[in-house]
Every structure is written in C-alpha cells, then in structure tokens.
Amino acid sequence: GDAALPPAPGQFGSHTVASVGAAVHDACAALKQRLLNLTFSTPGSPFAKAKLTDLVAEAGVVRLGSHPAPSLGYGEVLRRAGQPALEVTHESPEVPEKGEKSGKSFCASFVEVHVHAHTREVRVTRVVSAVDAGRIMNPQTARSQVYGAITWGLGLALMEDAVLDHRHGRITNHDLANYHVPVNADIPTSIDVLFIDKPDTYLDPMGAKGLGEIGIVGFSAAIANAVFHATGKRVRDLPITPDKLL
C-alpha cells in the first residue's frame with residue numbers, strides 16, 4: 001500500500017532502533033545543529049560573541065556550555081528568527097563497514113527448576129538472563145522485552161504443542177482451552193535481567209542492536225538442561241511434559 005512515511009529497511013529481529021533509529025539519530029543531530037546555527041546567527045543573540053562550538057542544546061533550551069545563563073528556549077529561538085518551525089530531511093549514508101561486518105546480539109540464560117517427585121510436573125523457579133544487545137536505549141522497556149521472551153520461552157519449553165490430525169490435516173487444539181500457554185501463576189517469582197550495555201557502532205551511531213527474540217533462543221535449552229540435571233532424563237522434543245519424564 002501507499003504511505004506518507006519514507007521507505008525503510010525490514011524490522012525483523014526487533015531491529016527497528018538499529019536500522020531506522022540510525023536515520024532518526026542523524027536527522028536529530030542535523031536538526032540540532034541547524035537550531036544552534038540559527039541561535040548563533042540571529043540578530044541580537046546573547047551568544048553573538050561566543051563560539052558556535054560552545055553552544056549546547058538540551059532540555060528545551062540553548063545555553064553556553066554548562067552555564068545556566070544566558071539561555072534561550074527553542075520556541076524563543078524560532079520566534080526571534082521569524083520561523084514557525086524547523087524541518088530537516090535526512091537519509092543515512094552507506095557505510096562500507098556494513099558490508100564487511102555482521103552485528104549479532106547474544107543472550108546467556110540460566111534457570112532453576114523444581115520437578116515434582118511423583119507427578120513429574122516441572123516448575124521454573126528462578127531465571128537469570130544476561131543480554132548483549134548493544135546500547136540499551138530504554139532500560140525499562142528493554143527489560144520488559146526480555147520478560148516477554150522468558151514467558152514465551154517457558155511456554156515453548158513446557159506447554160505449547162500444536163497437535164496435528166494427520167488424517168484430516170487439521171490442528172486439533174486450536175483454541176486456548178486446549179493449546180496451553182503460560183499464565184501469571186506459571187511465571188517464576190525471581191527473574192533477573194542483566195544488560196552488558198556495550199555499544200556496537202559498526203551498525204549505527206547509537207550502538208544499538210536487536211533485542212526481543214534473542215531472549216527466547218537459548219531459554220528452552222536451559223530449561224531442558226536443568227530438567228536433565230534434576231531427573232537424569234534427556235528430553236529432546238518439546239514441550240517437556242510430565243509423561244516424558246515418567
């Protein structure tokens with residue numbers, strides 16, 4: 001379909017910040033520089049005798065370095081310049097290194113499980129996920145993404161199983177009454193998410209990488225290994241249900 005938004009690369013692998021974010025970062029930097037130029041060159045500017053490189057624009061005001069005064073709000077800068085708004089269009093340039101290097105995210109998953117001695121029900125009681133996803137732009141939402149990945153991975157490892165009717169080619173458990181997914185009571189009470197927070201500037205100037213699916217990749221394997229350590233039984237097909245441990 002048609003859209004007013006500019007063309008953009010694919011957003012696979014939770015890669016939006018590392019792909020589109022690079023263009024947004026560069027556009028914001030260009031807009032900020034244009035605002036500083038406007039502040040410096042406007043007649044009657046309190047910064048006329050200062051150096052352009054000493055001006056700082058942040059928190060809605062332009063000021064001189066770390067000095068709180070003098071300062072001008074962004075709106076005042078535009079009013080003095082007689083401009084209703086500033087607009088910048090920017091396209092990320094091609095970087096030769098992008099064709100030579102590949103950016104990868106990493107996650108190490110650690111779990112503790114309890115296996116019922118008689119029913120063989122498995123419960124995950126503790127999780128630690130250590131994630132390298134480049135620079136973390138928003139720790140709260142990033143941590144929530146990993147929580148979601150942990151929940152998804154727990155369902156994959158212990159519950160979710162699409163049962164196929166081979167005669168008619170239909171999924172027999174096609175509703176939430178029969179296709180089991182984790183609920184709040186299934187989620188471990190102890191979840192620790194650790195971020196390495198090491199920027200990877202080969203991908204984009206902010207140093208961010210994909211985050212989301214990477215939290216799922218090794219999680220079911222970690223659960224399977226923990227179950228093996230607890231029971232001595234190696235289960236190689238998911239989900240790990242009680243009947244496979246009897």
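The values are calculated or read from the model by the stated rules, or taken from the named source; none is laboratory data. Since this is a predicted model, take the numbers as computed values, not measurements. Reconstructed Cβ throughout: ideal geometry from the backbone, glycine too, with neighbour counts over all protein chains shown.
Quick look at the values:
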{"item": "Any hit, the range 213-221, residues being touching a residue at least 12 places away in the same chain (Cβ under 8 Å), surrounded by fewer than 18 Cβ atoms within 10 Å (Cβ to Cβ) and hydroxyl-bearing (Ser, Thr, Tyr)", "result": "no"}
{"item": "Subset of the range 226-235 that is without any contact (Cβ under 8 Å) to a residue 12 or more places away in the chain and either closer than 30 Å to Lys198 by Cα or part of a loop (DSSP other than H, G, I, E, B) (or both) - its residue that is farthest from the chain's Cα centre (by Cα)", "result": "Gly232"}
{"item": "Failed condition for Gly75, given (1) in contact with a helix residue (DSSP H, G or I) (Cβ under 6 Å, 6 or more places away or on another chain); (2) modelled with pLDDT of 85 or more", "result": "(1)"}
{"item": "Boolean, Asp161 is of a type in the set (Asp, Glu), touching a residue at least 12 places away in the same chain (Cβ under 8 Å) and buried (at least 17 other Cβ atoms within 10 Å of the Cβ)", "result": "no"}
{"item": "Residue within the range 174-184 that is within 23 Å of the chain's Cα centre (by Cα), without any contact (Cβ under 8 Å) to a residue 40 or more places away in the chain and surrounded by 15 or more Cβ atoms within 10 Å (Cβ to Cβ) present", "result": "yes"}
